[in-house]
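Worksheet: one structure, shown below.
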Amino acid sequence: MKRTIAFAKPFIDKKEITAVTKILRSGWLTMGEETIAFEKEFAEYVGAKWAVAVNSCTSALFLSLKALGVGRGDEVIVPSFTFAATANVIVHNGATPIFVDIKADDFTIDLKSVEKKLSKKTKAVIPIHYAGNLAQTDFQTKVLEDSAHRIAPKHRSENLVCYSFYATKNLTTAEGGMITTDDEEMAKWLVKARLHGLSHDAWKRYAPGGNWRYEVEFCGYKFNTIDLLAAMGRVQLQKLEGMEEKRKQIISRYNQLLGLKNQGTHLYPILVEQRDKFMAYIKAQGISCSFHFLPLHKSPAFVEYKTPSLPVTEYVGNRVVTLPLYPGLSLKEVETVCQKVKKFGQFNEGQFGLTVLT
């Protein structure tokens, strides 16, 4: 059957198209004054002193670990219940991911699980704001927040915070990411590190009064974003409050019809006992669903770390399904999704006090 209800769609209109077209006609496509403006506006929105735009949240996480001094021989504690990128960047920095469990109430990092894994080798903890739920961020070590699912006004964190602007995110630039910090020296390093370690970028060199010469101050990376994407991001940021309100209305309707109490505005997860069968069934109904996420410690890439059992992660990860959620989703479509979900089975209490579709 042809899919009639998408899992996610970007909320794009003429404003984004006009903004991008303006950049195309300007003659300057790469990182420049549009990116700088986006950084300033985003920092103000989340309550940070500095924001550094990059080409993905993965790049943001990688650079942030570098900025925190994470390297070979270090351990970084991270929930197993997250996207591969969060753990991949730990490995790519030469460190060891130490996987921990999540809480059953909101699927964010579990403090007790973290406390059991803290050691002299622990360099940092990466809490995940899963589905948009605010995770605990106060630990007895350095903290790097993975906020790919959450962009909240006046977040005001003392930690490095990494954001995602991927196509399915609450604010999109198609691809992109951002790092926020209140540390000026760290911000200066990140600005150079994202572009080969150059003393100043092309925009500064070619701007009126700019110096044509640059120095390679250290071996950096090619992680910068471009003005084409930043232009879209600036428009999306202006629309974000309205888009969030639409998401909240959708979540409220889901909760009302399904009898659940989800809160985060990025994903709407449910647990399904017969997930494979459900996914085939819901696809046949013309509805696209997804899953976020499989337990990383059980994945082939990470089995070498021999993580002990993480009960909540394994229970949730083997059953989680994420239903359609995006600002353009109508409440009538939400009702259709819920009708099809309830036709498949009924919700009952499962392990850890969680509600499961059986």
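Of all residues in the stretch 282-300, how many are among the hydroxyl-bearing types (Ser, Thr, Tyr) and not in a loop (DSSP other than H, G, I, E, B)?
Count: 1.
Using the structure shown, decide if Gln263 is surrounded by fewer than 18 Cβ atoms within 10 Å (Cβ to Cβ) and part of a helix (DSSP H, G or I).
no
For Ser119, work out the one condition from (1) out of contact with any Ser or Thr (no Cβ under 9 Å at 6 or more places or on another chain); (2) of a type in the set (Ser, Thr, Tyr); (3) under 16 Å from Asp101 (Cα atoms) it doesn't fulfil.
With respect to (1) out of contact with any Ser or Thr (no Cβ under 9 Å at 6 or more places or on another chain); (2) of a type in the set (Ser, Thr, Tyr); (3) under 16 Å from Asp101 (Cα atoms), Ser119 is out only on (3).
Quick check on Glu304: is it of a type in the set (Asp, Glu), surrounded by fewer than 15 Cβ atoms within 10 Å (Cβ to Cβ) and within 27 Å of Asn88 (Cα to Cα)? Please lay out each step first, then the result.
Numbers: of a type in the set (Asp, Glu): yes; surrounded by fewer than 15 Cβ atoms within 10 Å (Cβ to Cβ): yes; within 27 Å of Asn88 (Cα to Cα): yes.
Against the criterion (of a type in the set (Asp, Glu), surrounded by fewer than 15 Cβ atoms within 10 Å (Cβ to Cβ) and within 27 Å of Asn88 (Cα to Cα)), Glu304 qualifies.
Which one is nearest to Glu241 (Cα to Cα), of the residues in the stretch 22-50 that are of a type in the set (A, V, I, L, M) and not in a helix (DSSP H, G or I)?
Applying the filter and picking the extreme gives Ala48.
When both residues are 6+ apart or on different chains and their Cβ atoms are under 7 Å apart, which pairs have a first residue that lies in the stretch 301-313 and is on the phi > 0 side of the Ramachandran plot, and a second that is small (Gly, Ala, Ser) and surrounded by fewer than 20 Cβ atoms within 10 Å (Cβ to Cβ)?
none
Taking the stretch 301-353, which residues are in contact with a strand residue (DSSP E or B) (Cβ under 6 Å, 6 or more places away or on another chain) and part of a loop (DSSP other than H, G, I, E, B)?
Thr307, Arg319, Pro324, Leu325, Gly345, Gly350
From the list Ala60, Ala87, which one is surrounded by 20 or more Cβ atoms within 10 Å (Cβ to Cβ) and more than 30 Å from Lys261 (Cα to Cα)?
Every option except Ala60 fails the conditions.
With the structure loaded, tell me whether Gly328 is touching a Lys or Arg at 6+ places or on another chain (Cβ under 8 Å) and either without any contact (Cβ under 8 Å) to a residue 60 or more places away in the chain or more than 21 Å from Met279 (Cα to Cα) (or both) or whether it fails that test.
Yes: the conditions hold for Gly328.
Since every read-out is calculated from the coordinates, none of them should be taken as a lab result. The model shown is predicted, which means the values in this text are computed figures rather than measured ones. Glycine also receives a Cβ, built like all others from the backbone with ideal geometry; neighbour counts cover every protein chain displayed.
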